[in-house]
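The values are calculated or read from the model by the stated rules, or taken from the named source; none is laboratory data. It should be emphasised that the depicted structure is a prediction, and the values quoted were computed from it without experimental measurement. Here the Cβ is made from the backbone with ideal geometry for all residues, glycine too, and neighbour counts use every protein chain on show. Heads up: the accessible areas ignore ligands, DNA and RNA and are worked out on the full protein's heavy atoms, side chains in. Shrake-Rupley method; radii C 1.70, N 1.55, O 1.52, S 1.80 Å.
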Amino acid sequence: MKKIDELKQSLETIKGEARSLNAEGKVDEAEAKLEEVRSIAKQIKIQEELDADEKREAEKKMEKREEVKETTIEMRQLFGKMLQGKSLTEEERALAQSSVLADGGYLVPKEVKTDINELKRQYKSAKDIVGVLPVGTESGSFQIEDLASMQELVNFDEDNSGLAEQNPKFKNVEYKVANYGAVTPISRSFLQDETANFLTYLNGNFAKKAIRTENSKIFAELKRGKTAEALSDIKSVKKVINTKVDPIIKDISVIATNQDGFNALDSLEDAQGRGLLQANPANPTEYMILGMPVHVYSNAELASSTGATPKAPMYIGALSEGVKFFDRGVYEVQMSEHAGFNKNQVMARVVERFDVKQADAAAYVYAEIPVV
């Protein structure tokens, strides 16, 4: 709109100049100005058409957003009715058909799945540091090539037999997703809440437990089969990063530790009193060591060792290559009156499906640092 206003203002100015030149008898110059007027008039017309198209497109997007919003609200309300055991209309039954499971449970629709995922983002998830692979089947496999044995590209123009020599270097990683769930007791009065607030409560309770479970499985796979590198001072930390982490994966490498480990790292200083940890200039809430982001998890989730000299765990390297999280990407809910019958409660079970497997063990280092 501003551009059109500027063009119109310029048009009026040049028109005035053309009239003045014409009055002074400067016909040729006046004609040149009129040519400018015609050119600007065309620009205005084109811009008005563009603006009209943009307005129509914006209106279409707004209508689509409203439709999506209405559908989302409708599905949330419908899912709430289904879990409450209320009768559905023919139209609602048709809409809910894809959510009903053979065993009496319900597949969580994407609208409610989004709510659960948003709630999970409130907590520190170890999925942020490993490789997440969405899978569409209950089991399967994929092949990886370990960093330590990775081969160069084969020149097919000179010799295409090299590909066969590379095949044994690949490793097959199999996965089989398991069901992980939380059982939540809900009072009948709360369940019958017309605003379906029980669903918010159910999702929130599941999200907290899901993050804790996912993190536990990820940390277990990160440690599996690894021998700890001993850390004690700045030199030892730098040596592990500089010599144990392949430079080819340095840019995607991170450091994951617990509160004890972070505190130990925070206490390390060089001879000039400069700390090892440095604030990330792009994100003041994030710390880095030699350019690697440091992710901190609670001691309750990622525990330090016990004994005379407790040590904090630390994982350094491309953890996204080291461990893979196979995410089935579905949630299921089932209601039961039996377990909570004597307490006038209904038991709600929410289930997710995933598996976690170590992939490239050479992509990262496991280290330990004394707790201070």
**Message:** If each DSSP helix of 4+ residues adds -39,500 (n - 2.57) and the sum is divided by the residues in the chain, what number results at 222 nm, nearest 500 deg cm²/dmol?
**Reply:** -14000 deg cm²/dmol
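Using r as the Cβ-Cβ distance of S141 and Y180, and R0 as 30 Å, what FRET efficiency do you calculate, to the nearest 0.05?
Numbers: r = 21 Å, r/R0 = 0.70.
E(calc), rounded to 0.05, equals 0.90.
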**Fill in**
Given backbone amide H placed at 1.01 Å from N, residues whose amide H is under 5 Å from that of A178, ignoring those fewer than 5 places away on the same chain, are F354, D355
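Could you do me a favour and compute the accessible area per residue for region 271-357, 1.4 Å probe, result in Å²? It would help to have the intermediate numbers written out before the result.
Numbers: 4210 Å² over 87 residues.
I get 48 Å² per residue for region 271-357.
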**Message:** Explain nothing, just the number: relative contact order of the chain, from Cα pairs under 8 Å at least 6 residues apart, as a whole percent.
**Reply:** 22 percent
**Request:** Assign one of three labels to region 74-203, namely rounded, prolate or oblate, based on the Cα gyration tensor with a ≥ b ≥ c the square roots of its eigenvalues; rounded applies when a/c is under 1.5, prolate when it is not and a/b is larger than b/c, and oblate otherwise.
**Result:** prolate
**Item:** Geometric extent, Cα atoms of the chain - Rg, Dmax (angstrom)
**Value:** 31.5, 104
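Nearest-5 percent of antiparallel DSSP beta bridges in region 223-298? Numbers along the way, then the final one.
Values: 7 of 11 bridges.
Roughly 65 percent of the beta bridges in region 223-298 run antiparallel, per DSSP.
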**Request:** List every residue whose amide H lies under 5 Å from the amide H of V108, counting only residues 5 or more places away in sequence or on a different chain, with H placed 1.01 Å from N in the peptide plane.
**Result:** Y331, E332, V333
**Message:** With the cut-off at 1.5 for a/c, could you classify region 312-372 from its C-alpha gyration tensor as rounded, prolate or oblate?
**Reply:** oblate
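Tell me, what is the per residue accessible area of region 190-257 in Å², probe radius 1.4 Å?
Accessible area per residue: 53 Å².
In Å², what does the accessible area per residue of region 1-46 work out to with a 1.4 Å probe?
Working: 3450 Å² over 46 residues.
Ligands and nucleic acids excluded, the figure is 75 Å² per residue.
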**Request:** Normalising by the residue count of region 9-134, find the relative contact order in percent from Cα pairs under 8 Å and 6+ residues apart.
**Result:** 14 percent
**Message:** Defining a contact as two alpha carbons under 8 Å apart and six or more residues distant in sequence, what relative contact order in percent does region 302-372 show?
**Reply:** 44 percent
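Tally up the carbon and sulfur contribution to the accessible surface of the chain as a whole percent, 1.4 Å probe, everything protein left in place. Intermediate results must be reported in sequence, preceding the final value.
Values: 11010 of 22160 Å².
About 50 percent, which is the carbon plus sulfur part of the accessible surface.
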**Asked** Straight-line reach from K238: which aspartates and glutamates have a Cα under 17 Å away, not including same-chain ones fewer than 8 places off?
**Response** E229, D246, D251, D266, E269, D270, E368
**Complete:** The rounded separation in angstrom of the Cα centers of region 1-42 and region 255-310 is 68 Å
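Starting from the residue with the highest accessible area, list V346, V371 in decreasing order, probe 1.4 Å.
Details: V346 5, V371 50 Å².
These residues rank, largest area first, as V371, V346.
How many percent of the alpha carbon pairs in region 183-284 exceed a separation of 19 Å? Before the final figure, lay out the partial values.
Details: 3382 of 5151 pairs.
Across region 183-284, Cα pairs with separations above 19 Å total 66 percent.
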**Message:** Using the Karplus curve 6.51 cos²θ - 1.76 cosθ + 1.60 with θ = phi - 60°, what ³J(HN,Hα) values do you get for each residue of region 282-297, in whole Hz, with x for Gly and Pro?
**Reply:** 7, 8, x, 7, 10, 10, 9, 10, 6, x, 8, x, 9, 9, 10, 10
**Request:** Report, ordered by chain and residue number, the lysines lying within cross-link reach of K209, taken as a straight Cα distance under 16 Å and ignoring same-chain residues fewer than 8 apart.
**Result:** K113, K120, K124, K127, K217
